[in-house]
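The block underneath contains the structure these notes are about, expressed in C-alpha coordinates.
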Amino acid sequence: MIDFHTHPVLIREFAEKYPDYTRMAREVFQIGNNLQPLETFFLQMDVAGIERAVLLPVACARARGLAVSSNEQVTELCGISSRFIGFASVDPLQPGAAKELEAAIRGLGLKGLKLDAALQDFDLNDPKVFDLYEAAAALGIPVLIHTGMSWAPGTPLDRGRPLLLEPAIARFPRLNFVLAHWGWPWVWDANALALKYPNVYVDTSCFYYDGPTEFFQFHFQQQMPVTLLERSLRNQIVFGSNYPRVEIKNMVKAIKSIGLTDGCLEKILRTNAEKLLGLSPVKH
Amino acid sequence: MIIKLDKIKVQSRKAEEAIDITPQVDESVAKSGVKNGLVNVMTCHTSSGLLVTEGLPCLEEDILTHFARLLPEDENYHHRRYLDFDGRVGFNAETHLKSILGGIQCSFPIENGKIVRGSRQTIYFMEYDGPLERTYMVQVLGE
(Lines give C-alpha, C1' and ligand atoms only; values in the text may rest on other atoms or scores of the structure.)
Protein backbone atom coordinates (compact mmCIF):
# COMPACT_ATOMS: atom_id res chain seq x y z
CA MET A 1 0.00 0.00 0.00
CA ILE A 2 1.10 3.57 -0.70
CA ASP A 3 0.45 6.66 1.40
CA PHE A 4 0.32 9.59 -1.03
CA HIS A 5 0.32 12.36 1.57
CA THR A 6 2.85 12.64 4.39
CA HIS A 7 4.98 15.49 5.73
CA PRO A 8 8.48 14.86 7.16
CA VAL A 9 8.23 17.61 9.78
CA LEU A 10 8.84 15.85 13.10
CA ILE A 11 12.04 13.92 12.46
CA ARG A 12 14.44 14.36 15.35
CA GLU A 13 17.58 13.72 13.32
CA PHE A 14 16.64 16.69 11.13
CA ALA A 15 15.88 18.87 14.15
CA GLU A 16 19.41 18.17 15.37
CA LYS A 17 20.91 18.82 11.93
CA TYR A 18 18.93 21.81 10.63
CA PRO A 19 18.69 24.81 13.01
CA ASP A 20 15.24 26.11 11.98
CA TYR A 21 13.55 22.73 11.56
CA THR A 22 11.72 22.66 14.90
CA ARG A 23 10.58 26.28 14.58
CA MET A 24 9.24 25.42 11.12
CA ALA A 25 7.24 22.55 12.57
CA ARG A 26 5.84 24.60 15.45
CA GLU A 27 5.27 27.98 13.82
CA VAL A 28 4.80 27.46 10.06
CA PHE A 29 3.34 23.96 9.73
CA GLN A 30 1.96 24.20 13.29
CA ILE A 31 2.04 20.83 14.95
CA GLY A 32 2.49 20.18 18.64
CA ASN A 33 3.52 16.53 18.68
CA ASN A 34 6.92 15.50 19.99
CA LEU A 35 9.81 15.06 17.58
CA GLN A 36 10.40 11.41 16.79
CA PRO A 37 13.36 9.44 15.46
CA LEU A 38 13.07 8.49 11.79
CA GLU A 39 12.54 4.92 12.95
CA THR A 40 9.10 5.90 14.26
CA PHE A 41 8.06 7.01 10.75
CA PHE A 42 8.87 3.53 9.42
CA LEU A 43 7.13 1.84 12.36
CA GLN A 44 4.03 3.98 11.80
CA MET A 45 4.04 2.78 8.18
CA ASP A 46 4.59 -0.82 9.28
CA VAL A 47 1.67 -0.99 11.72
CA ALA A 48 -0.59 0.56 9.07
CA GLY A 49 0.55 -1.89 6.38
CA ILE A 50 2.01 0.91 4.25
CA GLU A 51 4.99 -0.02 2.11
CA ARG A 52 5.83 3.35 0.58
CA ALA A 53 5.05 6.95 1.46
CA VAL A 54 5.11 10.15 -0.58
CA LEU A 55 7.00 12.92 1.26
CA LEU A 56 5.69 16.42 0.63
CA PRO A 57 7.65 19.63 1.18
CA VAL A 58 6.17 23.13 0.78
CA ALA A 59 8.37 25.92 -0.61
CA CYS A 60 6.82 28.69 1.45
CA ALA A 61 9.95 30.58 2.59
CA ARG A 62 8.95 33.81 0.79
CA ALA A 63 5.52 33.83 2.38
CA ARG A 64 6.26 32.35 5.82
CA GLY A 65 9.97 32.89 6.42
CA LEU A 66 10.76 29.16 6.40
CA ALA A 67 10.03 26.28 4.03
CA VAL A 68 8.11 23.28 5.33
CA SER A 69 10.96 20.88 4.54
CA SER A 70 13.16 21.49 1.52
CA ASN A 71 13.62 19.52 -1.68
CA GLU A 72 17.10 18.66 -0.44
CA GLN A 73 15.78 17.31 2.88
CA VAL A 74 13.22 15.20 1.05
CA THR A 75 15.95 13.93 -1.28
CA GLU A 76 18.10 13.09 1.76
CA LEU A 77 15.29 10.97 3.23
CA CYS A 78 14.73 9.21 -0.10
CA GLY A 79 18.43 8.38 -0.09
CA ILE A 80 18.05 6.75 3.32
CA SER A 81 15.15 4.50 2.30
CA SER A 82 13.56 3.38 -0.95
CA ARG A 83 10.27 3.30 0.97
CA PHE A 84 10.11 7.08 0.54
CA ILE A 85 8.92 8.75 -2.68
CA GLY A 86 9.88 12.41 -2.71
CA PHE A 87 7.98 15.30 -4.21
CA ALA A 88 9.47 18.71 -4.97
CA SER A 89 8.01 22.07 -4.12
CA VAL A 90 8.98 25.38 -5.72
CA ASP A 91 7.67 28.90 -5.34
CA PRO A 92 5.80 29.74 -8.56
CA LEU A 93 6.39 33.46 -8.04
CA GLN A 94 10.17 33.17 -7.84
CA PRO A 95 12.11 33.73 -11.07
CA GLY A 96 13.39 30.45 -12.47
CA ALA A 97 10.74 28.33 -10.75
CA ALA A 98 10.31 26.07 -13.78
CA LYS A 99 14.06 25.46 -14.02
CA GLU A 100 14.21 24.77 -10.28
CA LEU A 101 11.46 22.19 -10.72
CA GLU A 102 13.27 20.58 -13.62
CA ALA A 103 16.46 20.38 -11.54
CA ALA A 104 14.55 18.80 -8.65
CA ILE A 105 12.98 16.19 -10.89
CA ARG A 106 15.88 15.41 -13.22
CA GLY A 107 18.71 16.17 -10.81
CA LEU A 108 17.39 15.11 -7.41
CA GLY A 109 15.12 12.35 -8.69
CA LEU A 110 11.94 13.70 -7.12
CA LYS A 111 8.69 12.39 -8.56
CA GLY A 112 6.07 15.13 -8.42
CA LEU A 113 5.28 18.75 -7.60
CA LYS A 114 3.60 19.90 -4.39
CA LEU A 115 1.92 23.32 -4.26
CA ASP A 116 -0.10 25.07 -1.57
CA ALA A 117 -1.53 28.44 -2.66
CA ALA A 118 -2.58 29.34 0.89
CA LEU A 119 0.69 28.54 2.63
CA GLN A 120 2.85 29.74 -0.27
CA ASP A 121 0.67 32.83 -0.76
CA PHE A 122 0.04 32.90 -4.49
CA ASP A 123 -2.98 33.24 -6.74
CA LEU A 124 -3.80 29.91 -8.35
CA ASN A 125 -4.54 31.64 -11.63
CA ASP A 126 -1.40 33.74 -11.76
CA PRO A 127 0.21 33.22 -15.20
CA LYS A 128 3.47 32.30 -13.44
CA VAL A 129 1.74 29.28 -11.91
CA PHE A 130 0.61 28.21 -15.37
CA ASP A 131 4.24 28.37 -16.50
CA LEU A 132 5.00 25.90 -13.73
CA TYR A 133 2.13 23.63 -14.77
CA GLU A 134 3.52 23.65 -18.28
CA ALA A 135 6.92 22.60 -16.95
CA ALA A 136 5.34 19.84 -14.85
CA ALA A 137 3.40 18.58 -17.87
CA ALA A 138 6.60 18.50 -19.92
CA LEU A 139 8.33 16.54 -17.16
CA GLY A 140 5.44 14.08 -17.01
CA ILE A 141 4.96 14.41 -13.24
CA PRO A 142 1.77 14.78 -11.18
CA VAL A 143 0.97 17.97 -9.28
CA LEU A 144 -0.43 17.58 -5.79
CA ILE A 145 -2.15 20.78 -4.71
CA HIS A 146 -3.49 21.61 -1.31
CA THR A 147 -7.25 22.10 -1.48
CA GLY A 148 -9.70 22.72 1.31
CA MET A 149 -8.91 23.85 4.81
CA SER A 150 -5.35 24.19 6.00
CA TRP A 151 -4.22 23.71 9.59
CA ALA A 152 -1.31 26.10 9.12
CA PRO A 153 -1.74 29.53 10.73
CA GLY A 154 -2.40 32.55 8.53
CA THR A 155 -3.72 30.53 5.62
CA PRO A 156 -6.95 31.90 4.10
CA LEU A 157 -9.66 29.33 3.49
CA ASP A 158 -10.58 30.93 0.19
CA ARG A 159 -7.25 29.89 -1.39
CA GLY A 160 -8.28 26.27 -0.92
CA ARG A 161 -11.39 26.28 -3.07
CA PRO A 162 -11.05 23.42 -5.56
CA LEU A 163 -12.95 25.23 -8.33
CA LEU A 164 -10.15 27.82 -8.50
CA LEU A 165 -8.17 25.08 -10.21
CA GLU A 166 -10.58 24.46 -13.05
CA PRO A 167 -8.89 26.79 -15.60
CA ALA A 168 -5.56 25.00 -15.09
CA ILE A 169 -7.13 21.55 -15.09
CA ALA A 170 -8.91 22.31 -18.37
CA ARG A 171 -5.87 23.89 -19.98
CA PHE A 172 -3.47 21.04 -19.15
CA PRO A 173 -5.43 17.85 -19.88
CA ARG A 174 -2.28 15.71 -19.85
CA LEU A 175 -1.17 16.99 -16.45
CA ASN A 176 -2.54 15.00 -13.52
CA PHE A 177 -3.78 17.13 -10.62
CA VAL A 178 -4.19 15.55 -7.19
CA LEU A 179 -6.58 17.56 -5.03
CA ALA A 180 -5.23 17.03 -1.54
CA HIS A 181 -7.60 16.58 1.40
CA TRP A 182 -10.45 15.89 -1.07
CA GLY A 183 -11.04 19.65 -1.02
CA TRP A 184 -12.75 19.49 2.37
CA PRO A 185 -15.12 21.15 3.12
CA TRP A 186 -15.76 21.59 -0.62
CA VAL A 187 -15.86 17.84 -1.23
CA TRP A 188 -18.64 18.05 -3.82
CA ASP A 189 -16.66 20.65 -5.79
CA ALA A 190 -13.75 18.19 -5.76
CA ASN A 191 -16.10 15.40 -6.82
CA ALA A 192 -17.45 17.48 -9.69
CA LEU A 193 -13.95 18.25 -10.93
CA ALA A 194 -12.98 14.59 -10.76
CA LEU A 195 -16.15 13.53 -12.58
CA LYS A 196 -15.71 16.11 -15.33
CA TYR A 197 -11.95 15.90 -15.82
CA PRO A 198 -10.10 12.58 -16.06
CA ASN A 199 -6.83 14.30 -15.11
CA VAL A 200 -8.17 15.08 -11.64
CA TYR A 201 -7.49 12.86 -8.64
CA VAL A 202 -8.43 13.30 -5.00
CA ASP A 203 -6.49 12.13 -1.98
CA THR A 204 -8.16 10.86 1.17
CA SER A 205 -6.21 12.96 3.65
CA CYS A 206 -9.30 14.77 4.94
CA PHE A 207 -9.91 14.59 8.65
CA TYR A 208 -10.91 17.63 10.66
CA TYR A 209 -13.19 16.53 13.50
CA ASP A 210 -14.53 13.45 15.34
CA GLY A 211 -12.47 10.29 14.84
CA PRO A 212 -11.09 9.24 11.43
CA THR A 213 -13.58 6.40 11.05
CA GLU A 214 -16.53 8.59 12.12
CA PHE A 215 -15.38 11.33 9.75
CA PHE A 216 -15.05 8.95 6.81
CA GLN A 217 -18.34 7.21 7.53
CA PHE A 218 -20.15 10.53 7.52
CA HIS A 219 -18.51 12.01 4.43
CA PHE A 220 -18.26 8.86 2.33
CA GLN A 221 -21.45 7.12 3.36
CA GLN A 222 -23.87 9.93 4.25
CA GLN A 223 -22.69 13.19 2.70
CA MET A 224 -21.97 11.34 -0.55
CA PRO A 225 -22.90 7.79 -1.46
CA VAL A 226 -20.12 5.25 -1.25
CA THR A 227 -21.24 4.16 -4.72
CA LEU A 228 -19.79 7.42 -6.07
CA LEU A 229 -16.36 6.23 -4.96
CA GLU A 230 -16.99 2.63 -5.93
CA ARG A 231 -18.42 3.24 -9.39
CA SER A 232 -17.36 6.64 -10.74
CA LEU A 233 -14.20 7.73 -8.96
CA ARG A 234 -12.48 4.41 -8.29
CA ASN A 235 -9.63 5.18 -10.67
CA GLN A 236 -9.10 8.73 -9.38
CA ILE A 237 -8.70 8.31 -5.63
CA VAL A 238 -5.39 7.84 -3.84
CA PHE A 239 -4.96 7.05 -0.18
CA GLY A 240 -3.31 9.82 1.79
CA SER A 241 -3.04 10.08 5.56
CA ASN A 242 -1.59 13.56 6.20
CA TYR A 243 0.78 11.99 8.75
CA PRO A 244 1.85 13.28 11.26
CA ARG A 245 -1.35 15.32 11.66
CA VAL A 246 -2.99 11.91 12.06
CA GLU A 247 -1.45 8.48 12.48
CA ILE A 248 -1.47 6.44 9.25
CA LYS A 249 -2.99 3.36 10.93
CA ASN A 250 -6.14 5.32 11.84
CA MET A 251 -6.64 6.57 8.29
CA VAL A 252 -6.16 3.09 6.81
CA LYS A 253 -8.74 1.78 9.23
CA ALA A 254 -11.10 4.62 8.27
CA ILE A 255 -10.91 4.03 4.51
CA LYS A 256 -11.45 0.32 5.09
CA SER A 257 -14.55 1.02 7.19
CA ILE A 258 -16.81 2.58 4.56
CA GLY A 259 -17.84 -0.52 2.68
CA LEU A 260 -15.71 -0.38 -0.45
CA THR A 261 -15.03 -3.60 -2.34
CA ASP A 262 -11.57 -5.14 -2.15
CA GLY A 263 -11.01 -4.24 -5.79
CA CYS A 264 -11.78 -0.57 -5.21
CA LEU A 265 -9.65 -0.49 -2.06
CA GLU A 266 -6.74 -1.97 -3.99
CA LYS A 267 -6.97 0.89 -6.46
CA ILE A 268 -7.19 3.53 -3.72
CA LEU A 269 -4.48 2.02 -1.56
CA ARG A 270 -2.06 1.04 -4.27
CA THR A 271 -2.62 0.93 -8.01
CA ASN A 272 -3.92 4.46 -8.60
CA ALA A 273 -0.81 5.82 -6.88
CA GLU A 274 1.42 3.49 -8.88
CA LYS A 275 -0.19 4.74 -12.07
CA LEU A 276 0.26 8.41 -11.10
CA LEU A 277 3.86 7.86 -10.12
CA GLY A 278 4.69 5.66 -13.10
CA LEU A 279 5.65 2.80 -10.84
CA SER A 280 3.83 0.14 -12.84
CA PRO A 281 1.32 -0.12 -15.69
CA VAL A 282 -2.30 -0.48 -14.67
CA LYS A 283 -5.19 -1.74 -16.80
CA HIS A 284 -8.68 -0.45 -16.13
CA MET B 1 20.33 12.38 51.02
CA ILE B 2 20.88 11.35 47.41
CA ILE B 3 18.36 12.24 44.68
CA LYS B 4 19.06 10.97 41.17
CA LEU B 5 16.79 11.33 38.13
CA ASP B 6 17.13 9.29 34.93
CA LYS B 7 15.09 10.09 31.82
CA ILE B 8 15.01 6.92 29.77
CA LYS B 9 13.78 6.58 26.19
CA VAL B 10 11.91 3.53 24.96
CA GLN B 11 10.80 2.88 21.37
CA SER B 12 7.47 1.14 21.14
CA ARG B 13 7.01 -0.87 17.95
CA LYS B 14 3.28 -1.59 17.97
CA ALA B 15 0.04 0.34 18.37
CA GLU B 16 -0.32 -1.18 21.85
CA GLU B 17 2.42 -2.92 23.73
CA ALA B 18 3.56 -3.90 27.21
CA ILE B 19 7.32 -3.38 27.50
CA ASP B 20 9.24 -4.86 30.43
CA ILE B 21 11.48 -2.11 31.83
CA THR B 22 12.42 -3.85 35.08
CA PRO B 23 16.12 -4.24 34.12
CA GLN B 24 16.41 -0.54 33.27
CA VAL B 25 14.89 0.46 36.64
CA ASP B 26 17.21 -1.95 38.47
CA GLU B 27 20.16 -0.37 36.64
CA SER B 28 19.12 3.16 37.60
CA VAL B 29 18.95 2.10 41.24
CA ALA B 30 22.29 0.33 41.09
CA LYS B 31 24.15 3.28 39.60
CA SER B 32 22.51 5.83 41.91
CA GLY B 33 24.59 4.81 44.91
CA VAL B 34 21.49 4.76 47.11
CA LYS B 35 21.57 1.92 49.65
CA ASN B 36 18.30 2.57 51.43
CA GLY B 37 15.46 4.64 50.07
CA LEU B 38 12.79 4.71 47.41
CA VAL B 39 12.54 4.52 43.63
CA ASN B 40 9.68 6.10 41.72
CA VAL B 41 9.03 5.38 38.04
CA MET B 42 6.71 7.55 35.95
CA THR B 43 5.83 7.89 32.28
CA CYS B 44 6.10 11.33 30.71
CA HIS B 45 3.11 10.83 28.40
CA THR B 46 -0.65 10.89 28.81
CA SER B 47 -1.36 8.12 26.32
CA SER B 48 1.01 5.61 27.90
CA GLY B 49 1.25 4.10 31.35
CA LEU B 50 3.31 2.36 33.98
CA LEU B 51 2.04 -0.69 35.80
CA VAL B 52 3.25 -3.65 37.79
CA THR B 53 2.07 -7.21 37.31
CA GLU B 54 3.35 -10.72 36.81
CA GLY B 55 5.71 -10.86 33.84
CA LEU B 56 3.85 -13.20 31.53
CA PRO B 57 2.93 -12.68 27.85
CA CYS B 58 -0.60 -14.00 28.52
CA LEU B 59 -1.16 -11.29 31.13
CA GLU B 60 0.27 -8.62 28.84
CA GLU B 61 -2.32 -9.67 26.26
CA ASP B 62 -5.12 -9.81 28.82
CA ILE B 63 -4.41 -6.30 30.07
CA LEU B 64 -4.49 -4.80 26.59
CA THR B 65 -7.52 -6.84 25.51
CA HIS B 66 -9.59 -5.93 28.53
CA PHE B 67 -8.58 -2.28 28.50
CA ALA B 68 -9.79 -2.24 24.87
CA ARG B 69 -13.08 -3.82 25.95
CA LEU B 70 -13.54 -1.28 28.74
CA LEU B 71 -12.50 1.68 26.58
CA PRO B 72 -13.48 0.95 22.98
CA GLU B 73 -12.33 3.22 20.15
CA ASP B 74 -15.85 3.86 18.92
CA GLU B 75 -17.25 5.39 22.11
CA ASN B 76 -18.65 8.91 22.13
CA TYR B 77 -15.63 10.83 23.44
CA HIS B 78 -15.70 14.62 23.82
CA HIS B 79 -11.97 14.71 23.10
CA ARG B 80 -12.66 13.98 19.43
CA ARG B 81 -12.46 17.55 18.28
CA TYR B 82 -10.38 20.00 16.32
CA LEU B 83 -7.41 21.16 18.40
CA ASP B 84 -6.10 24.20 16.54
CA PHE B 85 -3.21 24.73 18.98
CA ASP B 86 -2.00 21.19 18.28
CA GLY B 87 -2.44 21.12 14.50
CA ARG B 88 -4.54 17.99 14.63
CA VAL B 89 -7.73 16.39 15.92
CA GLY B 90 -7.69 14.90 19.41
CA PHE B 91 -9.15 11.52 18.57
CA ASN B 92 -7.26 9.32 21.03
CA ALA B 93 -9.39 9.73 24.16
CA GLU B 94 -9.42 6.01 24.79
CA THR B 95 -5.63 5.96 25.02
CA HIS B 96 -5.67 8.72 27.64
CA LEU B 97 -8.33 6.85 29.60
CA LYS B 98 -6.32 3.63 29.48
CA SER B 99 -3.41 5.59 30.89
CA ILE B 100 -5.59 6.73 33.79
CA LEU B 101 -7.08 3.28 34.30
CA GLY B 102 -3.75 1.46 34.40
CA GLY B 103 -1.84 4.23 36.13
CA ILE B 104 1.24 6.22 35.22
CA GLN B 105 3.69 5.47 38.02
CA CYS B 106 4.93 2.96 40.53
CA SER B 107 7.19 3.02 43.58
CA PHE B 108 9.38 0.44 45.31
CA PRO B 109 11.55 0.55 48.42
CA ILE B 110 15.29 0.17 48.13
CA GLU B 111 17.21 -1.93 50.66
CA ASN B 112 20.92 -2.64 50.59
CA GLY B 113 21.20 -1.04 47.16
CA LYS B 114 18.51 -3.16 45.52
CA ILE B 115 14.81 -2.78 44.76
CA VAL B 116 12.61 -4.74 47.16
CA ARG B 117 10.15 -6.36 44.83
CA GLY B 118 7.91 -9.42 44.93
CA SER B 119 9.37 -12.33 43.01
CA ARG B 120 6.71 -12.09 40.31
CA GLN B 121 6.44 -8.33 40.09
CA THR B 122 7.50 -6.93 36.72
CA ILE B 123 7.53 -3.22 35.83
CA TYR B 124 5.90 -2.50 32.49
CA PHE B 125 5.90 0.57 30.31
CA MET B 126 2.47 0.47 28.67
CA GLU B 127 2.10 1.84 25.14
CA TYR B 128 -1.50 2.65 24.25
CA ASP B 129 -0.95 4.84 21.15
CA GLY B 130 2.18 3.65 19.38
CA PRO B 131 4.48 3.14 17.77
CA LEU B 132 6.33 6.09 19.27
CA GLU B 133 9.55 6.87 21.00
CA ARG B 134 8.60 7.51 24.62
CA THR B 135 10.31 8.73 27.76
CA TYR B 136 9.88 7.58 31.34
CA MET B 137 11.53 8.90 34.49
CA VAL B 138 13.23 6.94 37.23
CA GLN B 139 13.89 8.95 40.37
CA VAL B 140 15.91 7.37 43.16
CA LEU B 141 15.86 8.96 46.63
CA GLY B 142 17.70 7.84 49.74
CA GLU B 143 21.08 7.54 51.36
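The values are calculated or read from the model by the stated rules, or taken from the named source; none is laboratory data. Keep in mind the model is a prediction, meaning the values are calculated, not measured. Please note: Cβ atoms are built from the backbone with ideal geometry, for glycine as well, and neighbour counts cover all protein chains shown.
Within region A:64-100, can you find the residues that are at positive phi and under 19 Å from the mean Cα position of the chain (by Cα)? The one that is at positive phi and under 19 Å from the mean Cα position of the chain (by Cα): A:SER69.
Taking region B:17-46 as the range and being of a type outside the set (Val, Ile, Thr) and within 26 Å of B:LEU132 (Cβ to Cβ) as the test, the residues that pass are B:GLU17, B:ALA18, B:ASP20, B:PRO23, B:GLN24, B:ASP26, B:GLU27, B:SER28, B:ASN40, B:MET42, B:CYS44, B:HIS45. Residues in region B:87-107 that are on the phi < 0 side of the Ramachandran plot and within 14 Å of the chain's Cα centre (by Cα): B:THR95, B:HIS96, B:LEU97, B:LYS98, B:SER99, B:ILE100, B:LEU101, B:GLY102, B:ILE104, B:GLN105, B:CYS106, B:SER107. Give the residue that is farthest from A:TYR243 (Cα to Cα), with candidates limited to residues of region B:42-98 that are at pLDDT 95 or above and basic (Lys, Arg). Taking the candidates together, the pick is B:ARG69. Counting only helices (runs of 4 or more DSSP H) wholly contained in region A:1-108, the ones carrying 2 or more residues that are at pLDDT 95 or above and closer than 19 Å to B:ASP86 by Cα occupy A:12-17. Annotation: B:SER28 fulfils all but one of (1) outside any strand (DSSP E or B); (2) surrounded by fewer than 16 Cβ atoms within 10 Å (Cβ to Cβ); (3) not β-branched (Val, Ile, Thr); the unmet one is (2). Could you look through region B:1-30, keep only residues that are within 13 Å of chain A (Cβ to nearest Cβ) and among the acidic types (Asp, Glu), and pick out the one that is farthest from A:GLU247 (Cα to Cα)? It comes out as B:GLU17. Annotation note: Cβ proximity below 6 Å between a residue of region A:242-256 that is without any contact (Cβ under 8 Å) to a residue 24 or more places away in the chain and a residue that is assigned to a helix (DSSP H, G or I) (sequence gap 6+ or interchain) occurs for no pair. Residue-level check: of (1) within 19 Å of B:VAL10 (Cα to Cα); (2) part of a loop (DSSP other than H, G, I, E, B), B:PHE125 misses just (2). Applying a threshold of 8 Å to beta carbon distances and a minimum spacing of six or more residues, or different chains, the list of pairs starting in region A:108-126 at a residue that is farther than 19 Å from A:GLY148 by Cα and ending at one that is acidic (Asp, Glu) and modelled with pLDDT of 95 or more reads A:LEU108/A:GLU72. Is it the case that some residue within region A:144-163 is surrounded by fewer than 17 Cβ atoms within 10 Å (Cβ to Cβ), touching a helix residue (DSSP H, G or I) at 6+ places or on another chain (Cβ under 8 Å) and among the hydroxyl-bearing types (Ser, Thr, Tyr)? Taking every residue of region A:144-163 in turn, none turns out to be surrounded by fewer than 17 Cβ atoms within 10 Å (Cβ to Cβ), touching a helix residue (DSSP H, G or I) at 6+ places or on another chain (Cβ under 8 Å) and among the hydroxyl-bearing types (Ser, Thr, Tyr). The strands (runs of 3 or more DSSP E) found entirely in region B:40-117 that carry 2 or more residues being over 22 Å from A:GLY32 (Cβ atoms) and more than 14 Å from chain A (Cβ to nearest Cβ) are B:48-54, B:105-111.
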